[in-house]
Amino acid sequence: MKISKRNVDAAEIKDKDYFIWDAEMKGFGLRVFASGKKSYLIQYRAEGRTRRRTLGAHGVLTPDNARKLAGEFLSDVAFGGNPSEDKKNSSASESISGVCDRFMNEHVNVHLKAASQRQYNIAIEKHIKPYLGTYRTEAVKRADVAKFNHYMKDTPTQANRVMAVLSKMMTECEVWGLRPDGSNPCRHVKKYKENKRERYLNDEEIARLGDVLDQCRDEAIETLYVVAAYRLLALTGARLSEIQTLKWDYVEDGCFNLPDSKTGTKRVYFGEAVQVILNGLPRTENNPYVLAGTKEGQHLNDLQKPWRRIRKRAGLEDVRIHDLRHTFASQMLSAGHSLPIIGKLLGHAEPRTTARYAHLADGAMRDVAASMSSSIGNRLDSNK
């Protein structure tokens, strides 16, 4: 029959739910529940399956409203759409928890590297979901975010990282049409001040570390590959992951040609001291890595535990592995090299990243200034 107000009102209530299909629009129907409730729906086929989508209850929608809505959805189906699946995705994305899952699947796991994926996942699963997961995405306000940020005040550095993830996710929500443009609730929420930890080895500490590395190698306390790892880090300023996953195929004359790094394709240049280390490392059959691990075909996995043993023996217990990279930069500055050159060697994508070392150049700059002052002064006084 034609679905009209008269026919819908007259539809009798039965012991079981049943459907009435419209005589004029194929796929448009009315569901009459045993409870007495009546609702409009569409039925269609997509991806080889019969699908249904409820349009709304009778009373909330009139038959004419429902017919118009059904026409729009069925027209979308004719062009390959799937209203039922769209509704399912929309429902999943209404909560922050649902958006988190979509953000990981559609953005993080597609566009970010594995290490960043892990960091984002931790921020989402340990912090964002537990606190904001039940909030409706479009309803999250700046006050809610500020309260969340205050909740993490005892771990300021972590709070800033989590807020950065949340802000990026909210920006994606605008792209997906889940929030209005320019409505990111993380804007203007003040970051916590971070106490940047700067630790650089001085000349005496570098020598002490070298002695301990030699002792660990000679006494077989650590493997040849472990000792080589820390020497390569100190001599190149490379990131831990870049040395840890270095393959023999990447080694060229005077450089490591890395096909992928934190900042993309990268060349890590090195000198004779590094070549001596490489020449002394045995190549393991069926293992492409310079630092061969104990498992066949794998690289060294854990360099943190050996480092804790080595730094304790050297009396450098406050030094992290990453501080070897900082030390490389500080030594270059002390030698009078410019920040752009240092940034290029370290593989910094942004000049401001290298600028954190600027204050270390004071000593070198004083030496240059003193030298130039003496030189010019001698000329000024040449006739005296």
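Coordinate-derived values only; no laboratory data. Please read these numbers as outputs of a predicted model, since none were measured by experiment. Here the Cβ positions follow ideal geometry from the backbone for every residue, glycine too, while neighbour counts run over all protein chains shown.
Could you calculate the FRET efficiency of residue 46 with residue 298 from 1/(1 + (r/R0)^6), where r is the beta carbon distance between them and R0 is 56 Å, rounded to 0.05?
Calculated value: 0.80.
Using a simple charge model, +1 on the beta-carbon of Lys and Arg, -1 on the beta-carbon of Asp and Glu, nothing else, what dipole does the chain show about its Cα centre, in debye to the nearest 20?
On the way: 62 positive and 48 negative charges, 332 e Å.
Dipole magnitude for the chain comes out near 1600 debye.
Using the per-residue mean of other Cβ atoms lying within 10 Å as a proxy for protection, in what order, highest first, do the peptides 231-240, 27-36 fall?
Ranking, from highest mean packing down: 231-240, 27-36.
Would you mind computing Rg(Cα) / (2.2 N^0.38 Å) for segment 96-204, counting N as its residues?
Its radius of gyration relative to the 2.2 N^0.38 Å reference: 1.18.
Report, in degrees rounded to the nearest 10, the 0 to 90 angle that the Cα long axis of helix 114-123 makes with the longest principal axis of the chain.
60
May I ask you to derive the FRET efficiency for residue 35 and residue 241 from their Cβ-Cβ distance with R0 = 51 Å, giving the value to the nearest 0.05?
0.25
Calculate, in nm to one decimal, what residue 381 and residue 188 gain on full extension: separation in residues at 0.36 nm each, minus their alpha carbon distance.
Details: separation 193, 0.36 × 193 = 69.48 nm, distance 5.90 nm.
Contour length minus the Cα-Cα distance gives 63.6 nm.
Suppose a student asked you for the relative contact order of the chain, using Cα pairs under 8 Å spaced at least 6 residues apart; what percent would you report?
Numbers: 429 pairs, mean separation 34.0, N = 384.
The value is 9 percent.
What FRET efficiency would be calculated for the residue pair residue 9, residue 146, taking the C-beta separation as r and a Förster radius of 51 Å, to the nearest 0.05?
0.50
Using θ = phi - 60° and the Karplus form 6.51 cos²θ - 1.76 cosθ + 1.60, what ³J(HN,Hα) does each residue of segment 233-241 get, whole Hz, x for Gly and Pro?
Working through the residues one at a time gives 5, 5, 8, 10, x, 6, 6, 4, 4 Hz.
Residue-wise, which Karplus ³J(HN,Hα) couplings in Hz belong to segment 150-165, taking 6.51 cos²θ - 1.76 cosθ + 1.60, θ = phi - 60°, and x for glycine or proline?
So the J values, rounded to whole Hz, are 5, 4, 9, 4, 6, 10, x, 5, 5, 4, 5, 5, 5, 5, 5, 5.
Report the percentage of all Cα-Cα pairs in segment 220-343 whose separation exceeds 25 Å, rounded to a whole percent.
24
Per-residue HN-Hα couplings for segment 329-334, Karplus 6.51 cos²θ - 1.76 cosθ + 1.60 at θ = phi - 60°, whole Hz, x for Gly and Pro?
5, 5, 5, 5, 5, 5
Report, by chain and number, residues whose modeled amide H sits under 5 Å from the one on residue 179, excluding near sequence neighbours (fewer than 5 apart, same chain).
Here 174 satisfy the definition.
Once you treat every alpha carbon in the chain as an equal point and sum by Debye, what is log10 I(q)/I(0) at q = 0.10, 0.11, 0.12, 0.14 Å⁻¹?
-0.87, -0.96, -1.06, -1.25
Taking amide H positions as placed 1.01 Å from N in the peptide plane, with prolines and chain starts having none, which residues 5 or more places from residue 293, or on another chain, fall under 5 Å of its amide H?
For residue 293, the qualifying residues are 298, 299, 300.
Got a sec? How would 217, 308 order by Cβ neighbour count within 10 Å, fewest to most?
Ranking 217, 308 by Cβ neighbours within 10 Å, fewest first, gives 308, 217.
In a shell of Cβ-Cβ distance under 14 Å around residue 206, excluding residue 206 itself, what net charge do Lys and Arg (+1) and Asp and Glu (-1) give?
-1
Please list, by residue number, everything in segment 166-207 whose backbone N is under 14 Å from a paramagnetic label point 7 Å out along Cα→Cβ of residue 322.
194-200
Hey, what number do you get for the chain at 222 nm if only DSSP H runs of n ≥ 4 count, each worth -39500 (n - 2.57), divided across all residues, to the nearest 500?
Only helices count here, giving -14000 deg cm²/dmol.
In a shell of Cβ-Cβ distance under 14 Å around residue 302, excluding residue 302 itself, what net charge do Lys and Arg (+1) and Asp and Glu (-1) give?
That works out to +3.
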